[in-house]
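One structure is given below, encoded as structure tokens.
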Amino acid sequence: MNYRKLGKTGLTVSEIGLGGEWLERHNAQEVKEVIDCCAKAGINILDCWMSEPNVRTNIGAALKGQREKWIIQGHIGSTWQNGQYVRTRELEKVDEAFKDLLTRMDTDYIDLGMIHFVDEPAEFSRIMEGEFIDYVKGLRQKGSIRHIGLSTHNPDVARLAAESGVVEMILFSVNPAFDMLPASEDLDDYFKDEYEEHIGGIAPERARLYQICQQQGVGITVMKGYEGGRLFSEKTSPFGVALTPIQCLHYALTRPAVASVMVGFDTPEHVAAAVAYETATEEERDYATVLAHAPRHAYSGLCTYCGHCAPCPVGIDIAMLNKLYDLAQMQTEVPASLAAHYKGLSKHGDDCIKCRGCESRCPFGVPVIERMEKMVKVFQTQGSLE
């Protein structure tokens, strides 16, 4: 495993990290197997943005006896209310959730205290000028967090954070689909320059962000490096070509200021697939040739199941429904197991009241209401759920 300095924090992190999101679906033993596998491979950083109590407890139990070996990236403002994830700036709820994180992780400090999910410049300003940042600074002063970080999908917010002098590192979404724009209509010209030094067509605001972070010593840890797995299939990739985990990792790790990619692991096999990057050949890492011959380059409205659409006022697990719907769309018929999983959820697409709160919170412009209507037809017709 290779290790990198995380900006000016002074921390040294494995370039492959553990994004804990998918661990919510697993029991304590399965979570321990994944975390033990990560530790054996040399992974030393994990992200826990999830507020769901069981997953926090399971991660904490798996870390028992090895806490000092791990750098924990824990989120401030991710709370669990009435059985659902809620992002909030209400300090009473924020403090309760943060203390819960410490308790369930069985630790008295979090290495990287992440201001959770800030995607609008106006909100960033409110946070930095109000009581929220005072609370976060107070946690650092007490030693409850060691460093201040921020998570965002918005390059403008990330730039403001990098230039703030307060935020020391950023969790940011990085992958080719989010970053690149066609340099011309001829995609054969897309990578005319050597990609190690310059990639023509990266969205200017994102390219500038990476440069600013490098200049300011603000390290980046990466989320959405695989674009929710969609980049692995030519049918679902916005480029029309499939990339491998190794190619996605190489893309993210070649951005300036990037220190580690937080990969969502379901199983030890997924850990092995990512860690294979460490011994991969240059040919195996080469994403440029693949993208240079891609039939198309586009991205819009694709769900990556991040969960920021929550909370739903009627209790729909929107991210899970979208995942099941996307899985169904990849096949000619809805498998019985998939239909049964859909039916087994407490709420379905036809329970949607079309309040559009989810759409307003989605960082990627997913047309949630439209997808809800489509999934009702898909599962009730093909899945025989009536």
Query raised in the report: Looking at this structure, is ARG56 surrounded by 15 or more Cβ atoms within 10 Å (Cβ to Cβ) and farther than 29 Å from ASN2 by Cα?
Result: no
Query raised in the report: Which pairs do you get when a residue that is over 20 Å from HIS308 (Cα atoms), found in the range 118-139, comes within reach of a residue that is of a type in the set (Ser, Thr, Tyr), reach meaning Cβ atoms under 8 angstrom, with the pair 6+ apart or on two chains?
Result: MET128/SER164
Query raised in the report: What number of residues in the range 31-87 are over 21 Å from THR221 (Cα atoms) and part of a loop (DSSP other than H, G, I, E, B)?
Result: 6
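One line per residue, one yes/no per condition, for (1) open to solvent by less than 20 Å² (accessible area, probe 1.4 Å); (2) of a type in the set (D, E, K, R):
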site: ILE45; (1), (2): yes, no
site: TRP49; (1), (2): no, no
site: GLU52; (1), (2): no, yes
site: GLY60; (1), (2): yes, no
site: ILE72; (1), (2): yes, no
site: HIS75; (1), (2): yes, no
site: LEU91; (1), (2): no, no
site: VAL94; (1), (2): yes, no
site: ARG104; (1), (2): no, yes
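So, of the residues in the range 275-291 that are within 12 Å of PRO176 (Cα to Cα) and more than 21 Å from the chain's Cα centre (by Cα), which turns out to be surrounded by the most Cβ atoms within 10 Å (Cβ to Cβ)?
So the residue we want is LEU291.
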Report summary line: Checked LEU23, LEU6, LEU11, LEU18 against criteria (surrounded by 21 or more Cβ atoms within 10 Å (Cβ to Cβ), in contact with a strand residue (DSSP E or B) (Cβ under 8 Å, 6 or more places away or on another chain), among the hydrophobic types (A, V, I, L, M, F, W, C) and closer than 13 Å to VAL271 by Cα); the one match is LEU18
Query raised in the report: Within the group ALA292, ALA288, ALA259, ALA298, which residue is touching an Asp or Glu at 6+ places or on another chain (Cβ under 8 Å), at pLDDT below 90 and farther than 30 Å from GLN380 by Cα?
Result: ALA292
**Report entry** Members of the range 158-177 found to be hydroxyl-bearing (Ser, Thr, Tyr) and modelled with pLDDT of 95 or more, listed by number
**Finding:** SER164
Query raised in the report: Which of the residues belonging to the range 227-239 are free of Cβ contacts under 8 Å to residues at least 60 places away in the same chain and open to solvent by 40 Å² or more (accessible area, probe 1.4 Å)?
Result: PHE232, GLU234
**Report entry** Search result, residues across the range 249-280 that are within 28 Å of ALA203 (Cα to Cα) and hydroxyl-bearing (Ser, Thr, Tyr)
**Finding:** TYR251, THR254, SER260, TYR277
Query - Residue list for the range 314-355, restricted to those being over 24 Å from the mean Cα position of the chain (by Cα), surrounded by fewer than 14 Cβ atoms within 10 Å (Cβ to Cβ) and not in a helix (DSSP H, G or I) - result: VAL314, GLN331, THR332, GLU333, PRO335, SER346, ILE353, LYS354, CYS355
Query raised in the report: Which residues, counting only those in the range 109-118, are crowded, with 18+ Cβ neighbours inside 10 Å and either farther than 15 Å from THR88 by Cα or not β-branched (Val, Ile, Thr) (or both)?
Result: ILE110, ASP111, LEU112, GLY113, MET114, HIS116, PHE117
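The values are calculated or read from the model by the stated rules, or taken from the named source; none is laboratory data. Note that the structure is a prediction, hence the values are computed from the model and not measured. Cβ sites come from the backbone with ideal geometry, for glycine too, and all protein chains shown count toward neighbours. To get the accessible areas, we keep the full protein, side chains included, count just its heavy atoms, and leave off ligands, DNA and RNA. Shrake-Rupley method; radii C 1.70, N 1.55, O 1.52, S 1.80 Å.
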